[in-house]
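The values are calculated or read from the model by the stated rules, or taken from the named source; none is laboratory data. Please read all numbers here as calculations on a predicted model, not as lab measurements. Glycine gets a Cβ as well: all are built from the backbone with ideal geometry, and neighbour counts include every protein chain shown.
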Amino acid sequence: DSGVTQTPKHLITATGQRVTLRCSPRSGDLSVYWYQQSLDQGLQFLIQYYNGEERAKGNILERFSAQQFPDLHSELNLSSLELGDSALYFCASSVSTGELFFGEGSRLTVL
Amino acid sequence: DAKTTQPPSMDCAEGRAANLPCNHSTISGNEYVYWYRQIHSQGPQYIIHGLKNNETNEMASLIITEDRKSSTLILPHATLRDTAVYYCIVRVATGPHLVFGKGTRLSVIA
């Protein structure tokens, strides 16, 4: 157990819909990272937040957005969903920017 | 981040040592070598990291060559549960996010 909690674990929705994925970092960790892993694809970095502020942005689509709240939990919002958005979405946290600790992921299926 | 090169796949007999190589010939002086693994669609798991000295923890050992251009992750007694994709990543300790390559798919065989 990494201490990072992601909900929901599984989500099935239709094209065009909007979903929100939630991440609770390890206690005391200020940084939160979001990654996407499509079927048989590598882990793609989406975005990083540090203590509520956006720190770095990767290959995140304009239809996707994220935020980190004062209690340090983070949400990833995915809108106008397409079939290709079906993937595992991982959240990770770190106390500084050393080792990252990953949650078990949210599996999104878009039908 | 400096790029790394890993073999795409390796096999290892259960109970034997698994030695996973990684080349990072363009590593900078302040970049660490990190190893993570991902067991079948689970979240990646941190294993170990090092700068220039060899490191050991309860999971594995990390051997870094003197010129720091390559390293080897050693799982001393591989078990079936060690079957996973292993990622070698180089980055500064206070650097940005991890950049994952394709890693090495290790299959531990009974």
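Tabulated data for the structure shown
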item: Where a residue in region B:20-47 is closer than 25 Å to A:Gly103 by Cβ and its partner, wherever it lies, is at pLDDT below 95 and among the small types (Gly, Ala, Ser), with Cβ under 6 Å and at least six apart; result: B:Tyr32/B:Ala93; B:Val33/B:Gly50
item: The listed residue being within 14 Å of chain A (Cβ to nearest Cβ) and under 22 Å from A:Gly58 (Cα atoms), out of B:Arg105, B:Arg91; result: B:Arg91
item: Selected residue [in contact with a Lys or Arg (Cβ under 8 Å, 6 or more places away or on another chain), in a strand (DSSP E or B) and either within 14 Å of chain A (Cβ to nearest Cβ) or more than 19 Å from A:Gln37 (Cβ to Cβ) (or both)] from B:Tyr46, B:Tyr36, B:Tyr86; result: B:Tyr86
item: Conditions (1) crowded, with 17+ Cβ neighbours inside 10 Å; (2) away from chain A (no Cβ under 14 Å); (3) touching a Lys or Arg at 6+ places or on another chain (Cβ under 9 Å): number failed by B:Glu66; result: (1)
item: Residue, nearest to B:Arg91 (Cα to Cα), within region A:62-92, restricted to residues that are in contact with a Gly (Cβ under 8 Å, 6 or more places away or on another chain) and either within 11 Å of chain B (Cβ to nearest Cβ) or modelled with pLDDT under 95 (or both); result: A:Ala92
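Here's the yes/no breakdown for (1) part of a loop (DSSP other than H, G, I, E, B); (2) surrounded by 14 or more Cβ atoms within 10 Å (Cβ to Cβ); (3) more than 11 Å from the chain's Cα centre (by Cα):
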{"residue": "A:Arg26", "(1), (2), (3)": "yes, yes, yes"}
{"residue": "A:Asp29", "(1), (2), (3)": "yes, yes, yes"}
{"residue": "A:Trp34", "(1), (2), (3)": "no, yes, no"}
{"residue": "A:Gln41", "(1), (2), (3)": "yes, no, yes"}
{"residue": "A:Ile47", "(1), (2), (3)": "no, yes, no"}
{"residue": "A:Glu54", "(1), (2), (3)": "no, no, yes"}
{"residue": "A:Asn59", "(1), (2), (3)": "yes, no, yes"}
